[in-house]
């Protein structure tokens, strides 16, 4: 077994929950399994994988046997996990039943095969697993040639019709998901649309690739695919009202459907995340609170449903939306206190995230410290973005990180750095074709600042910049800038000589009291 495979075995065993380890040990009892169960016990206690330590601790294992034994153990652990999860993951149970049907078919035990297929089909329909339904229908078709039944032609036509309808539904889902992933790839590069050209390009991709359909005839799986597509599209073009509409419809599919939630838990978590994003953008604070409670309640599900992937997703969205809540209220001090408590584990958490989620987390954290007027810490988080090699990922956030970095250095009094950073930011934005009027106003404002300017003149310049930006906020494309950073409140804090947190909290109090 290669070093890569050995590392895979070590990581697999270390990933097991206590209940999964206990299940493996109980199911592996017996003298015929003694060697690989002993190998499992040794690896379980190791801090890092070490062949020599294994051979020293277990003389019964020869060096020549170790490679095959590790490969065998790897397979056994996966089989144990499959069996352990078969009662909580319907797809595993359905696949097992189809495998059993194939074995019975090959033994010419057609009646038994038909009975297993019937049970598998019922479970596949209940969980709305169209791919497995299609696989099962193919076996039903096979069975028709092996059994003598009345109304054979009628049954054959029925199965063929079901196959055609199921295949059509799968084609719908594939078309929706392919288009969704295409739009997602574009979004991960540029972020929200920047101009009319972006909108025409995105809209053309969307309309050209969207298949004809009748939603009223859709299965749950088709609706999930369609609603996910619409949410991604409307978020991309900053139409959060329509995004909210489809996010609500997506969550509504799951409401009161416990079996559906448990069989598609990851999709349900994502649907709550989309709804929270829309509620946050539209400042629907009370609804946001209710949806947050629903998201957090999923942590109380039985541990068998909460695999590492699900736990990380729940942790990520809980983290992100707690900070979104604090941003809505302008409660940056509480957010910083929370960050200080979790800081020892934050870097490890960040490394578990995908690069896209990581860059968003860095930017939000920087804005949190900026809102609390801790500009030095804000700069340290912004530098994680600015110094990243992944500058083609979310070019919009990379650009705005540089803008917030400039303003932070202004607040820190690093005037000697301003001119250098302005030139650097200009070059970056021009290269990324993201230099718009919003950025020009701010960069020109900062580069013209002098240390000997009077307070009265400085206040006038702040007011002029605020008025110019307020006009821009009405522009459908320039307004995207205000999604990233509340610069208006910062300018008002400078004009009124008050903490920016106080300004934002007052606005939040007025907005959220009527939301």
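The values are calculated or read from the model by the stated rules, or taken from the named source; none is laboratory data. Values in this document were obtained by computation on a predicted structure and should not be read as measured data. Here the Cβ positions follow ideal geometry from the backbone for every residue, glycine too, while neighbour counts run over all protein chains shown.
Conditions tested, residue by residue: (1) in contact with a helix residue (DSSP H, G or I) (Cβ under 8 Å, 6 or more places away or on another chain); (2) more than 21 Å from residue 296 (Cα to Cα); (3) not assigned by TED's automatic domain parsing to the domain that holds residue 393.
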site	(1), (2), (3)
321	yes, no, yes
325	yes, no, yes
329	yes, no, yes
337	no, no, yes
341	no, no, yes
346	yes, no, yes
350	yes, no, yes
355	no, yes, yes
Please count how many residues of the stretch 252-265 are touching a residue at least 40 places away in the same chain (Cβ under 8 Å) and either in contact with a helix residue (DSSP H, G or I) (Cβ under 6 Å, 6 or more places away or on another chain) or crowded, with 16+ Cβ neighbours inside 10 Å (or both). 5
Filtered residues of the stretch 459-472 (kept if more than 37 Å from the chain's Cα centre (by Cα) and touching a residue at least 24 places away in the same chain (Cβ under 8 Å)): 459, 462, 463
Residue selected from the stretch 452-476 under the condition out of contact with any helix residue (DSSP H, G or I) (no Cβ under 6 Å at 6 or more places or on another chain) and not in a helix (DSSP H, G or I), by the criterion farthest from residue 239 (Cα to Cα): 452
When residue 178 is evaluated against the numbered criteria (1) surrounded by fewer than 17 Cβ atoms within 10 Å (Cβ to Cβ); (2) modelled with pLDDT of 95 or more; (3) more than 25 Å from residue 309 (Cα to Cα), which criterion, by number, is the only one it fails? (3)
Among 94, 117, 125, 103, the single one that is without any contact (Cβ under 8 Å) to a residue 12 or more places away in the chain, touching a helix residue (DSSP H, G or I) at 6+ places or on another chain (Cβ under 8 Å) and either surrounded by 20 or more Cβ atoms within 10 Å (Cβ to Cβ) or in a helix (DSSP H, G or I) (or both) is 125
What residue, of 76, 35, is assigned to a helix (DSSP H, G or I), at pLDDT 90 or above and either more than 30 Å from residue 302 (Cβ to Cβ) or in contact with a helix residue (DSSP H, G or I) (Cβ under 9 Å, 6 or more places away or on another chain) (or both)? 76
When the stretch 473-499 is examined, which residues are found to be crowded, with 18+ Cβ neighbours inside 10 Å and more than 31 Å from the chain's Cα centre (by Cα)? 491, 492, 493, 494
Filter result (surrounded by 13 or more Cβ atoms within 10 Å (Cβ to Cβ) and assigned to a loop (DSSP other than H, G, I, E, B)) within the stretch 413-432: 414, 432
Has the stretch 398-413 got at least one residue that is closer than 21 Å to residue 498 by Cα and out of contact with any helix residue (DSSP H, G or I) (no Cβ under 8 Å at 6 or more places or on another chain)? yes
